[in-house]
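Report on the following structure.
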Amino acid sequence: MAEFETVGQSVPRLAGAEKVSGRVAYLDDIQRAGLLHGALLLSPHPHARIRRIDTTAARAAPGVRCVLTGADFPHRYGGFVRDEVVLAHERVRYAGEPVAAIAAATLEQARQAIALIEVDYEELDAVTDVDAALAPGAVRVHEDFERYGRRNIAPLPPNVCAHTLLSEGDADAAFAGCDVVIEGEFRTPAQVHAYLEPCSALAEVEAGGKITVWSACQSVFRVQATLSEVLGMPMSRIRAIATPVGGSFGGKSDVTVQPLAAMMALRTRRPVKLVLTRHEEFLMMRTRHPARIRIRTGAMRDGTLVARSVHLTLDGGAYTEDSPAVLGFALLMARGPYRIAHLRCEGLAVYTHRLRAAGFRGYGNPQVSFAGESQIDDIAARLGMDPVELRLKNCVVAGDTWVGGQRIEAAGLRECLMAVRDAAARRPTVEVRPGYRRGIGFSAVAHICGILSTSAIVRVLEDGSVTLNTGAVDLGEGAETVLAQICAETLKLPLDRINVAPADTDGSPYNWSTGGSRTTYMVGRAVAQATVDARDKLLTHAGQMLECSATDLELRSGGRVGLVGVPGMEVSFHAISQRAHWVAGGPVIAHAAVMFEGGGFDPKRTLLSGNGIGRLGAFIFGAQAFEVEIDEATGQAAVTRAWSAHDVGRAINPAGVNGQIIGGVVQGIGYALYEELVQEGGASTNPNLADYKVPGAMDVPRIVPIIVEHPEPSGPFGAKGVGEPPIIGVAPAIGNAIRALTGVRLCTLPFSPQRVLDALEPPA
Amino acid sequence: MIDITLKVNGSEQACRVDGMTTLLTVLREQLLLTGSKRGCDYGICGACSVLADGRLARSCLLLAADCEDRAITTIEGVAEPDRLTDLQQALVDAGAVQCGFCTPGIVLALEALLDVDPKPDETAVRTALGGNLCRCSGYGAIVDAALKVAHG
């Protein structure tokens, strides 16, 4: 059925041919005349006072044009707590924190000069995990915390940068009436984003003093705003441009190295490029929040879920960044997609002397879902129920409300659960080799897509083709293609008549960020609205040209407007735009600005619950099934088959949706089985891609994506997001399979061979 | 410094290197062939993959001075500038390209496979990709594209 021309088609991504040819210029591929190269000096200590930095020899070294230390950055920054510094000033707070930066004529010269800097450190006691940080009398990571600017001004205990409490019903009383109560403590590790393109930036100052910063980022507007804070310059003097992004997954949502490149360019008045090495990436960038989750779930004998309580402790590392938002979001999702009337979710984000934790695909949800979805299976086992039946019995449906009272408009969760159950049931039986066990585990997934504001501009060019500008950065997921499809469909134009402009603060309208699974849903809404407005303007012109009412006109494929019922009576977009440009009315330009309904920041709400944003977005659901094989001799677990079903409202580009699902599942397999940045005594023991295991092609099986479509009323063509959900239920589903195979619940990720062996043969 | 001549994508290139300069650095910084990516610079991620005498190699682990006698093919030399190989087209069509940073290395790994094993099965394809990390795609569409090119 040709309901749509472009929407619903797996059109290849717009930059595909350029990417597959190696012709796309990522940041490090850009050259400039007179370019200087940056290099960094990182702290070897997790906590130390900087007694003295001697840069004399470095400044005198060949080729050196600029040496920066913490004293060169007087302004702190931070979206929630103004605790961040670009270079450590007087004190280092994690091993890997940058202490000095040098710009020189060549990269080799910059690195050689770095080696000439002498730093006199006074090593101090460090708190390198949350228990140490919360112990009475613990060393404080930020002694001046109370003096920092904060979005939430409620008082907090030492080494706590955020506290949130969400509560509905009366959980304590409800547990007393439950037939079954399961309790557990779960722990999750520091997962590294491990995008293939290291963080990088190039900065250049114009003659007038305005600075332009190119970088791989998730939001040019956040880069611009943070640079304004750091440099003490108005946003009008700062231009941020996104270069093609070589993967991100949340790791490039805040600034990375842009402030350093910018300051070096301001000091030298030369273009400066700074590209991290992979080693520096591991030492100084970000990870997913390590978490400790204490959780109780209570149910009645018939399987009705009644109560849940969650206490979440997130290790936020040395700087706050997005920790308060990750905490609030995790607690909002900790109920899971179930009708549980009595809920108490409380949590802390804690400072430690570790590299900062940040947003990472799922934004706290993978941690709480690991705990919550594990307990759903434990309850099913205790009651002797089928775990999928238990989920189906309790799952939310359209019309139900989420924690906090927001209505769920569309929910294909039941269909997703049944789809993965049926697909798994149909799998061919294979003979399991002696010495191996093979079994299956399930999980349900809920998430939210949306968040805050965005906008779009649609301009009809003189020949009737269109330039679309949204400020959205395509991180590789295919946002540009999907947004072009929404625009093309609305105008019935072929896709090659849509030009998607790159994100550039000088020309793009505001977009909060590419994150929160929001681009298709939120930016798509802005694109659809702006395009409808452009279409109406085209129809108005056409009515005047054809001397009829615009209401009697219709869009025809290929960029034409015609009189309904009269095939030959039509004008082309080309003719309309010529008229608009040269005769009457002026060029057709339309824009739309949207904010998720009721989704703004509320200071009072922030103060009361610690959770700042009211309605975040639209609810999205999925279900996952994993067949897992464990080797009884080695304890190695491997996924042998996997199914991942997601209600995306409508798949604008099914191949793109499938790519998100399979890619997210594989990151989830890494999280479940391999990935952990190990810290000992405040230093990483595996800060490289050899010792930190990212799943390769031979580590994962063929994954079956299943697309479910329950159109979201507010979404463009009914679409909603899918970027994050596929990672969320992987670890619990694999854990549920291991429990089915061993009878033992593994509560700590990753499920390493040693942990699986312990499940097979519990230590005496 | 050493003056060397490299044979890259069929043409001879005069380069000046020191003994420790890697092929990747020469390709990117002297010859401006930036399709080979610096993902880790220590031989794990595969984003810098090239063909040396037709065999897959990591240009970040090769010393440029050792490559004088080898025919080097980079992603820029896989097809004519305005053309794609069947494999490249299949990768685009299958939705196998996401951020694209690993893609040049993936293309070369698969071209090297198809050169010696024109009809690989899925295991052979996954094995050939074993040295190339992709953090976006989960490999599914990449494997599909390779199998489609090989088996139609």
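The values are calculated or read from the model by the stated rules, or taken from the named source; none is laboratory data. Because the structure is a prediction, the values reported are computed rather than measured. Please note: Cβ atoms are built from the backbone with ideal geometry, for glycine as well, and neighbour counts cover all protein chains shown.
Some observations on this one:
- Meets criteria (surrounded by 23 or more Cβ atoms within 10 Å (Cβ to Cβ) and modelled with pLDDT of 95 or more) for A:I102: yes
- Near pairs, Cβ below 7 angstrom, 6+ apart or cross-chain, from segment B:19-44 (within 7 Å of chain A (Cβ to nearest Cβ)) to any residue that is hydroxyl-bearing (S, T, Y) and crowded, with 22+ Cβ neighbours inside 10 Å: B:G35/B:T74
- Among the residues of segment A:518-559, those identified as farther than 15 Å from A:A488 by Cα and among the charged types (D, E, K, R) are A:R518, A:K537, A:E547, A:D552, A:E554.
- Tally, over segment A:482-519, of residues that are not in a loop (DSSP other than H, G, I, E, B) and not β-branched (V, I, T): 13
- Qualifying residue in segment A:41-60 (condition: buried (at least 16 other Cβ atoms within 10 Å of the Cβ) and within 14 Å of chain B (Cβ to nearest Cβ)): no
- Boolean, A:P74 is modelled with pLDDT of 95 or more, surrounded by fewer than 22 Cβ atoms within 10 Å (Cβ to Cβ) and out of contact with any Ser or Thr (no Cβ under 7 Å at 6 or more places or on another chain): no
- Positions within segment A:105-151 being closer than 30 Å to B:E29 by Cβ, touching a helix residue (DSSP H, G or I) at 6+ places or on another chain (Cβ under 8 Å) and assigned to a loop (DSSP other than H, G, I, E, B), in sequence order: A:L116, A:I117
- One residue stands out among those in segment A:295-320 that are among the charged types (D, E, K, R) and more than 30 Å from A:E84 (Cα to Cα): the one that is surrounded by the most Cβ atoms within 10 Å (Cβ to Cβ), which is A:R308.
Yes or no, residue by residue, for (1) more than 12 Å from every other protein chain (Cβ to nearest Cβ); (2) among the acidic types (D, E); (3) touching a residue at least 40 places away in the same chain (Cβ under 8 Å); (4) assigned to a strand (DSSP E or B):
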{"residue": "A:E183", "(1), (2), (3), (4)": "yes, yes, yes, yes"}
{"residue": "A:L196", "(1), (2), (3), (4)": "no, no, yes, no"}
{"residue": "A:T212", "(1), (2), (3), (4)": "yes, no, no, yes"}
{"residue": "A:R222", "(1), (2), (3), (4)": "yes, no, yes, no"}
{"residue": "A:I241", "(1), (2), (3), (4)": "yes, no, yes, yes"}
{"residue": "A:V245", "(1), (2), (3), (4)": "no, no, yes, no"}
{"residue": "A:D254", "(1), (2), (3), (4)": "yes, yes, yes, no"}
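One line per residue, one yes/no per condition, for (1) among the hydrophobic types (A, V, I, L, M, F, W, C); (2) within 7 Å of another protein chain (Cβ to nearest Cβ); (3) surrounded by 24 or more Cβ atoms within 10 Å (Cβ to Cβ); (4) out of contact with any strand residue (DSSP E or B) (no Cβ under 9 Å at 6 or more places or on another chain):
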site: B:E76; (1), (2), (3), (4): no, yes, no, no
site: B:L84; (1), (2), (3), (4): yes, yes, no, yes
site: B:Q88; (1), (2), (3), (4): no, yes, yes, yes
site: B:L91; (1), (2), (3), (4): yes, yes, yes, yes
site: B:G95; (1), (2), (3), (4): no, yes, yes, yes
site: B:V107; (1), (2), (3), (4): yes, yes, yes, no
site: B:L110; (1), (2), (3), (4): yes, no, yes, yes
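- Selected residue (criterion: farthest from the other protein chains (Cβ to nearest Cβ)) from residues of segment A:4-34 that are more than 24 Å from A:Q660 (Cβ to Cβ) and of a type in the set (D, E, K, R): A:R32
- For first residues located in segment A:551-562 and over 18 Å from A:V460 (Cα atoms), partners that are modelled with pLDDT of 95 or more and among the β-branched types (V, I, T) and lie 6+ apart or on another chain with Cβ distances below 6 Å form the pairs A:D552/A:V564; A:L553/A:V561.
- Being under 25 Å from A:I652 (Cα atoms), in contact with a His (Cβ under 7 Å, 6 or more places away or on another chain), assigned to a helix (DSSP H, G or I) and hydrophobic (A, V, I, L, M, F, W, C) is a property that does not hold for A:A526.
- Checking segment B:60-67 against the condition returns no match, with no residue being within 12 Å of chain A (Cβ to nearest Cβ) and acidic (D, E).
- Enumeration of residues in segment A:161-183 that are β-branched (V, I, T) and either more than 23 Å from the chain's Cα centre (by Cα) or farther than 18 Å from A:G316 by Cα (or both): A:V180, A:V181, A:I182
- The conditions of being more than 17 Å from A:G247 (Cα to Cα), away from chain B (no Cβ under 14 Å) and at pLDDT below 95 are met by A:E680.
- Residue match in segment A:444-462 (condition: over 30 Å from A:R222 (Cβ atoms) and of a type in the set (S, T, N, Q)): no
- Segment A:152-185, subset touching a His at 6+ places or on another chain (Cβ under 9 Å) and under 15 Å from A:T320 (Cβ atoms), residue surrounded by the most Cβ atoms within 10 Å (Cβ to Cβ): A:C161
- A count restricted to segment A:87-103 and to residues that are part of a strand (DSSP E or B) and not charged (D, E, K, R) stands at 7.
- Of all residues making up segment A:686-738, the number that are within 14 Å of chain B (Cβ to nearest Cβ), surrounded by fewer than 22 Cβ atoms within 10 Å (Cβ to Cβ) and closer than 30 Å to A:V527 by Cα: 2
- Evaluation of A:C66 against the conditions (1) crowded, with 19+ Cβ neighbours inside 10 Å; (2) under 30 Å from B:A141 (Cβ atoms); (3) away from chain B (no Cβ under 14 Å) shows that the sole unmet condition is (2).
- Screening segment B:112-146 for residues that are in contact with a strand residue (DSSP E or B) (Cβ under 7 Å, 6 or more places away or on another chain) and either more than 9 Å from chain A (Cβ to nearest Cβ) or farther than 21 Å from A:E724 by Cβ (or both) and picking the one that is surrounded by the most Cβ atoms within 10 Å (Cβ to Cβ) gives B:N132.
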